[in-house]
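Here's the structure, in structure tokens; my notes come after.
All of the numbers you see were taken from the coordinates with simple rules; none came from a lab. As the structure is a computational prediction, the values presented were derived from the model and not from experiment. Here the Cβ is made from the backbone with ideal geometry for all residues, glycine too, and neighbour counts use every protein chain on show.
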Amino acid sequence: MTRPFIAKTPDDMPSREDLLSRSGLEFMQAVAAGKLSGPPIAGLLNYRLHQVETGRVAFRGTPLFEHTNPMSGVHGGWYGTLLDSCMACAVMTMVPRGQYYTTLEFRINIARALPLGTEIEALGEVQHIGRSTGIARGELRGVADGRLYATGSTTCLIMGSPAA
């Protein structure tokens with residue numbers, strides 16, 4: 001897989017036409033192939049799209065010092081952002097052309113502290129897809145050791161009109 005590029009300016013971001021002219025799977029595959037940019041938050045939080053399949057998306061990332069809280073641990077927002085990304089993008093892979101999604105709610109459960117410099121995989125998998133909502137679950141696991149660091153669940157709202 002080509003390493004996706006990260007948007008540096010608003011002009012780098014995919015247009016609404018780029019989004020709506022593809023199915024969600026085609027859109028995510030274009031990002032994975034580097035044909036469309038990934039979001040700037042991925043650069044800020046040091047993660048990248050790793051794998052895209054129907055109903056399943058994985059990101060990989062490594063927390064850095066910049067991602068710590070006042071107690072020198074990895075901030076819960078880092079866990080949450082990676083889980084929100086993988087779960088919601090898994091839903092996106094099942095959205096028809098002409099539609100898109102937004103996260104309605106997500107929940108995370110942190111199982112253990114994540115040491116700085118530990119590469120993780122954030123894996124999101126769809127559990128349900130309907131006309132107006134999608135539900136997915138996610139896990140953060142260490143790439144080297146497979147240890148579970150956090151789990152999550154999400155409900156996404158599917159919007160727009162499917163292309164005819």
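So here's what we get for this one:
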| read-out | value |
| --- | --- |
| log₁₀ of I(q)/I(0) at q = 0.18, 0.27 Å⁻¹ - segment 35-87, Debye sum with one point per alpha carbon | -0.60, -1.12 |
| Cα lying deepest toward the dipole's positive end in segment 63-164, options L104, L114, G124, charges on Cβ | L104 |
| Rg over Rh, two decimals, segment 1-82 (C-alpha only, Kirkwood Rh) | 1.02 |
| Candidate values (1) 15.4, 53; (2) 15.5, 50; (3) 19.1, 66, label of the one derived for Rg and Dmax of the Cα atoms in Å | (1) |
| Cα-centre dipole for the chain with unit charges at Cβ (Lys and Arg positive, Asp and Glu negative), debye to 20 | 180 debye |
| Length gained when the stretch D145-L116 is fully extended (0.36 nm per residue, less Cα-Cα span) | 9.0 nm |
| Under 11 Å, Cβ to Cβ, from V126 - net charge with Lys/Arg +1 and Asp/Glu -1 | 0 |
| Fewest-first ranking of T118, T102, T154, T68, using other Cβ atoms within 10 Å as the exposure measure | T102, T68, T118, T154 |
| Long-range amide H partners of I6 with built H, under 5 Å | G38 |
| Segment 16-78 and segment 93-109: distance between their alpha carbon centers, rounded to Å | 14 Å |
